[in-house]
Amino acid sequence: MTTAPPSSNKRIGVDLGGTKIEAILLNATGVEIRRVRCAAPRNSYRATLSAIHALVNDVARDEASGAPVGVGIPGAISPATGLVKNANSTWLIGNPFEQDLTQALGRPVRMQNDANCFAVSEATDGAGAGAHIVFAVILGTGVGAGIAIDGQALGGRNAIAGEWGHNPLPWVEDTERPGELCYCGQRGCIETFLSGPSLERDFHRRSGENAGAADIAKMASNGDAAAEATLARYEDRLARSLAHVINMLDPDIIVLGGGVSNIDRWYRTVPALWSRHTFSDSIDTPLRPPVHGDSSGVRGAAWLWPPDEPFVKSLERRT
């Protein structure tokens with residue numbers, strides 16, 4: 001099926017999550033026109049295609065008939081095969097998702113890892129607006145990151161740029177060896193130390209109590225010693241892990257997203273700690289929360305079609 005060249009100055013973004021799918025319609029200046037969401041189907045590729053099709057039609061309606069679609073997925077499109085790989089939503093793996101969705105929607109579609117969409121959002125009109133290199137971290141149920149250069153997602157030759165969470169924790173201490181087993185098959189991945197569940201497990205091991213990240217932070221501010229020790233360990237590990245990024249990429253800004261990023265102290269304590277691990281006489285890299293919060297992923301998906309990119313020329317380059 002051949003898609004007609006897009007004629008709208010609007011953009012549609014879709015964020016495909018594990019529990020929900022969200023779609024947004026933006027105008028050319030980034031103003032949100034409409035947002036819709038639905039529960040994400042489980043274990044069904046065809047149902048996922050159908051759900052996105054229905055959401056896009058709902059959010060577009062008659063006023064955005066020519067709008068292109070950007071989609072953030074919890075995985076990547078393999079440059080070798082064109083099929084989905086590395087997806088937490090495992091029923092997507094091995095399918096030509098971008099191709100099938102383009103055919104189903106009859107619109108131009110671009111697809112990127114959801115962390116890259118987050119990076120694009122914050123680089124376009126968020127905390128990193130105007131920055132040359134934005135490194136955007138997601139600290140949530142898992143740990144991931146995306147890289148935007150001049151507002152464009154950096155996918156990499158193998159579509160794994162920014163897979164920071166599946167590198168080993170740097171400058172590891174003896175007490176941290178060998179590290180927990182990660183679902184990727186390795187031990188001691190950054191994700192196994194910095195995810196929300198990892199933070200909660202650390203607190204449980206030391207206190208015997210169960211608490212979420214926000215409650216642990218509140219307990220620490222009220223003087224709870226176990227909570228304070230857990231946060232101190234976490235921020236030291238986060239500082240080491242981000243120092244590694246600064247040494248390799250030296251981004252203009254680092255933006256934190258995901259549920260664990262809502263703990264305010266990170267933005268003060270982590271930059272004070274990471275300089276001991278960076279190869280420079282001084283480090284002034286800003287660490288910031290996202291401007292668009294939980295909306296950054298779906299906005300970034302829409303901005304996979306940049307605000308200053310003529311759609312027809314884009315199509316000509318890709319065909």
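The values are calculated or read from the model by the stated rules, or taken from the named source; none is laboratory data. Owing to the predicted nature of the structure, the values given are computational and were not obtained by experimental measurement. For neighbour counting, all protein chains shown are included, and Cβ atoms are generated from backbone atoms with ideal geometry for every residue, glycine included.
Per-structure values
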| item | result |
| --- | --- |
| Any hit, segment 269-291, residues being part of a loop (DSSP other than H, G, I, E, B), in contact (Cβ under 8 Å) with a residue 60 or more places away in the chain and surrounded by fewer than 19 Cβ atoms within 10 Å (Cβ to Cβ) | yes |
| Selected residue [part of a helix (DSSP H, G or I) and either in the same structural domain as H166 (by TED's automatic domain parsing) or closer than 18 Å to S121 by Cβ (or both)] from V59, V71, V14 | V59 |
| Residue match in segment 25-39 (condition: within 18 Å of L304 (Cβ to Cβ), within 21 Å of the chain's Cα centre (by Cα) and part of a helix (DSSP H, G or I)) | no |
| Some residue of segment 229-243 being β-branched (V, I, T) and in contact with a Pro (Cβ under 6 Å, 6 or more places away or on another chain) | no |
| Scan of segment 152-166 for residues that are under 18 Å from P251 (Cα atoms), in contact (Cβ under 8 Å) with a residue 12 or more places away in the chain and not aromatic (F, W, Y), ordered by number | Q152, A153, L154, G155, I160, A161, G162, E163, G165 |
| D202 touching a residue at least 24 places away in the same chain (Cβ under 8 Å), surrounded by fewer than 20 Cβ atoms within 10 Å (Cβ to Cβ) and charged (D, E, K, R) | yes |
| Yes/no for A76 being farther than 16 Å from R299 by Cβ, crowded, with 21+ Cβ neighbours inside 10 Å, touching a strand residue (DSSP E or B) at 6+ places or on another chain (Cβ under 7 Å) and aliphatic (A, V, I, L, M) | yes |
| Hey, E176 over 28 Å from the mean Cα position of the chain (by Cα) and in contact (Cβ under 8 Å) with a residue 12 or more places away in the chain or not | no |
| Test result for F135, in contact with a helix residue (DSSP H, G or I) (Cβ under 9 Å, 6 or more places away or on another chain), within 15 Å of P286 (Cβ to Cβ) and of a type in the set (F, W, Y) | yes |
| In segment 246-294, residue nearest to the chain's Cα centre (by Cα) [restricted to those that are among the hydrophobic types (A, V, I, L, M, F, W, C) and over 24 Å from G196 (Cβ atoms)] | L249 |
